[in-house]
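The values are calculated or read from the model by the stated rules, or taken from the named source; none is laboratory data. Model, not experiment: these values are computed from the prediction. Quick reminder, even Gly has a Cβ in these numbers, built from the backbone with ideal geometry, and neighbours come from all protein chains shown. Areas reflect the complete protein model, heavy atoms only, side chains present, ligands, DNA and RNA absent. Shrake-Rupley method; radii C 1.70, N 1.55, O 1.52, S 1.80 Å.
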Amino acid sequence: MPLSASDVGQRVVVRRRLGVEYERPVYGDVLGILESWSAGQLRVRRRDGVLVEIAETDVVAGKPVPPPPPSRFRSQNGPDEQDHSDDPDTGSDPAAEPDQPHTGPGLARVSASGWPATTVEPLGEWLLQAAGGFTGRANSVLPSGDPGLPLDEALARVSDFYARAGLPAWIQVIVDSPLEEELRRRGWRIQSSGKGTFDTTDVRVAPLADLLARTEEPPVQVALGRDLDDAWLAMYGRSGRQDTARQIITGPEHVALARVTAAAANSVAALAASSVATHGGSPSGSDPATELVGIARGVVTGTWLGVGAVEVAADRRRQGLARAIMAGLGRWGRECGATWVYLQVGTDNAAALALYDRLGFRLDHQYCYYSAPRSTS
């Protein structure tokens, strides 16, 4: 049934035109309560509380939809608003799926807020980010919309920004996006990222309630705090300036650093026997009360909990520590108002991907870093 003004007060899905990106039309779905329709404007209230105003002339299609089913029966696919390039009729039905506040470029913006660069310069809807080279995420362009300039001019501005920062010009590009094709035409190339040699990163998402249902009560005590010490940074293992690392890691308002000590791990009966037999307790000279065997970082941005920097000591893996850390951060995130959780993981990290699959995460999008071609002059 087509959408009409008589549907005010009902839950609806509206497909609208978002604009044109690199000469291709882009469409998006909005799912929520139709609060009003007057003077050529629709106002739809999403589940996360955001009121979306839509010009009647931008509406491509719409219809009333039934209330969402109980969360344990919901599919894990589907946004409140999702971009669709080129095709105004994708055949998807967001009404059958849970309300997710962002996806793709929108989620990339959320992630950038949770991992803030020390220098940010806007270029239209792009963000040019630099942080002394500490991590690719904080030292690359986030192209989450229209740069406000022809692409070649925008890329010249990008090259100039990173030249001034003394850094290579990198752009974080969603895989199979129109921008990726345009960069390839201009000679830009994929760069490896992270601690390993992988060149593609998965961004995975899950309803927070689903994650908590699959982790239950943590079997290991996970300490959460905001203080960043040398031991945590050492286990994180990223190279770079420590002052910059501290600013990025602890910069957002809602941050929790998770820690599991050897003493906490050994206190669990299921782990104690294997620890004594395999490890003899703790390495010689170390204190089990302070020796870290697992860490992670949580950050809450709006309704999103971001989980990152998940590290477990090599001789403590497959003992449930990562699951316990996810549970601890998930409970903290819920207390901060989060309803969804996202994380980023290299596509070559089979062990982590298997764990996240078991915890209910699904793929939202993938991204790569592209670097500018070398000058021939």
(request) Give me a count of the residues in segment 327-349 that are among the aliphatic types (A, V, I, L, M) and closer than 26 Å to Ile174 by Cα. (result) 4
(request) State whether the residues of segment 254-272 include one that is modelled with pLDDT of 80 or more, open to solvent by 50 Å² or more (accessible area, probe 1.4 Å) and touching a Ser or Thr at 6+ places or on another chain (Cβ under 6 Å). (result) no
(request) Quick one: in segment 137-152, of everything that is within 16 Å of Gln191 (Cβ to Cβ) and of a type outside the set (Gly, Ala, Ser), which residue is most open to solvent (accessible area, probe 1.4 Å)? (result) Arg137
(request) Select, from Ala138, Ala117, Ala112, the only residue that is under 26 Å from Ala309 (Cα atoms), assigned to a loop (DSSP other than H, G, I, E, B) and under 17 Å from the mean Cα position of the chain (by Cα). (result) Ala117
(message) Name the single residue that is nearest to Thr347 (Cα to Cα) among those in segment 172-185 being assigned to a helix (DSSP H, G or I) and open to solvent by less than 40 Å² (accessible area, probe 1.4 Å).
(response) Glu180
(message) On the basis of being touching a residue at least 12 places away in the same chain (Cβ under 8 Å), surrounded by fewer than 16 Cβ atoms within 10 Å (Cβ to Cβ) and of a type outside the set (A, V, I, L, M, F, W, C), does Arg358 make the cut?
(response) yes
(request) Would you tally the residues in segment 331-354 being without any contact (Cβ under 8 Å) to a residue 12 or more places away in the chain and open to solvent by 50 Å² or more (accessible area, probe 1.4 Å)? (result) 2
(request) Tell me which of these Trp340 doesn't satisfy, since it passes every other one: (1) at pLDDT 95 or above; (2) within 15 Å of the chain's Cα centre (by Cα); (3) of a type outside the set (Ser, Thr, Tyr). (result) (1)
(request) Answer yes or no: is there a residue in segment 153-171 that is within 30 Å of Arg334 (Cα to Cα) and open to solvent by less than 60 Å² (accessible area, probe 1.4 Å). (result) no
(message) Suppose we filter Gly333, Gly308 for residues that are within 19 Å of Phe198 (Cβ to Cβ) and modelled with pLDDT of 95 or more; which single one remains?
(response) Gly308
(request) Take segment 240-260 and flag every residue that is in contact with a helix residue (DSSP H, G or I) (Cβ under 7 Å, 6 or more places away or on another chain), of a type in the set (Val, Ile, Thr) and part of a helix (DSSP H, G or I). (result) Ile248
(request) Kindly check whether there is at least one residue in segment 192-199 that is crowded, with 20+ Cβ neighbours inside 10 Å and farther than 20 Å from Tyr342 by Cβ. (result) no
